[in-house]
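Step one of this worksheet: look at the structure below.
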Amino acid sequence: MGRGKIEIKKIENPTNRQVTYSKRRLGLMKKAKELTVLCDAEVLIIMVSSTGKFAEYCSPSTEIKRMFDRYQQVSGVNLWSAQYEKMQNTLKHLQEINHNLRKEIRQRMGENTEGLAMEELRGLEQSLDESLKLVRNRKYHVISTQTDTYKKKLKNSHEAYRNLLHELEMRDESSEYVYLSEGHNNYEEELALANGASHLFAFQLQPNQPNLHGFRFNSHDLSLA
């Protein structure tokens, strides 16, 4: 059974239309490559889908610009005239804006004001006042921001100073406590020496030495510390 003939008209379903475009595009690119290889032809294809996707193919033996130039020579159509004219208009507009800005800058600096009318001078004065106001607001904003930053830094410095001072006080109290403890021990040793003890011994009886548990020592023989 042969394949039915497809009516050539716009496909209304967007999904079907996009699928058909993708298939036909791949087939067209394949045919263009075959023409390039089999017939040694210079082929250029440019396609833009309804969704804005761009696709192109150019023979490896040529360039796109060269193909455009050959097309202009053969058809007699200037492809770049509209674009060139548009670029010239844009350049002219930018040059005019640049000229007006330079003129305004010179007038704000007090130059080229001889031919200005009274209304133009008043407008220039208002423009200068507005510019001065903007500069002052910007200056005050920068100053306030820097002031807030310095205040935060100063607050952090004060907190760090208080913390260090607290640590130093804690260290002084610990040192004083250690000094008092050492003085108390020295006092006990001196008191024992004054009572006639020539030597001080500190020992602990171990359970594996039962022979020592039966001995008794007088107070004048040993002084336990």
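The values are calculated or read from the model by the stated rules, or taken from the named source; none is laboratory data. Just so you know, these numbers come straight off a predicted model, no measurement behind them. Glycine also receives a Cβ, built like all others from the backbone with ideal geometry; neighbour counts cover every protein chain displayed.
Summary of computed values
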{"quantity": "Residue check for Arg17: charged (D, E, K, R), surrounded by 12 or more Cβ atoms within 10 Å (Cβ to Cβ) and in contact with a Lys or Arg (Cβ under 9 Å, 6 or more places away or on another chain)", "calculated": "yes"}
{"quantity": "Sole exception among (1) closer than 30 Å to Val43 by Cβ; (2) at pLDDT 85 or above for Lys92, by number", "calculated": "(1)"}
{"quantity": "Residues of segment 113-144 satisfying the condition of being small (Gly, Ala, Ser) and either within 16 Å of Lys103 (Cα to Cα) or touching a residue at least 60 places away in the same chain (Cβ under 8 Å) (or both)", "calculated": "Gly115, Ala117, Gly123, Ser127"}
{"quantity": "For Ser50: the one exception among (1) surrounded by 13 or more Cβ atoms within 10 Å (Cβ to Cβ); (2) outside any helix (DSSP H, G or I)", "calculated": "(1)"}
{"quantity": "Single match in Ser50, Ser59, Ser75, Ser81 (criterion: under 30 Å from Glu12 (Cβ atoms) and among the polar types (S, T, N, Q))", "calculated": "Ser50"}
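Here's the yes/no breakdown for (1) closer than 29 Å to Leu44 by Cβ; (2) loosely packed, with under 10 Cβ neighbours inside 10 Å; (3) outside the structural domain of Glu42 (by TED's automatic domain parsing); (4) at pLDDT 90 or above:
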| position | (1), (2), (3), (4) |
| --- | --- |
| Asp69 | yes, no, no, no |
| Val74 | yes, yes, no, no |
| Glu104 | no, no, yes, no |
| Arg108 | no, no, yes, no |
| Ala117 | no, yes, yes, no |
| Leu121 | no, no, yes, no |
| Val142 | no, no, yes, yes |
| Gln146 | no, no, yes, yes |
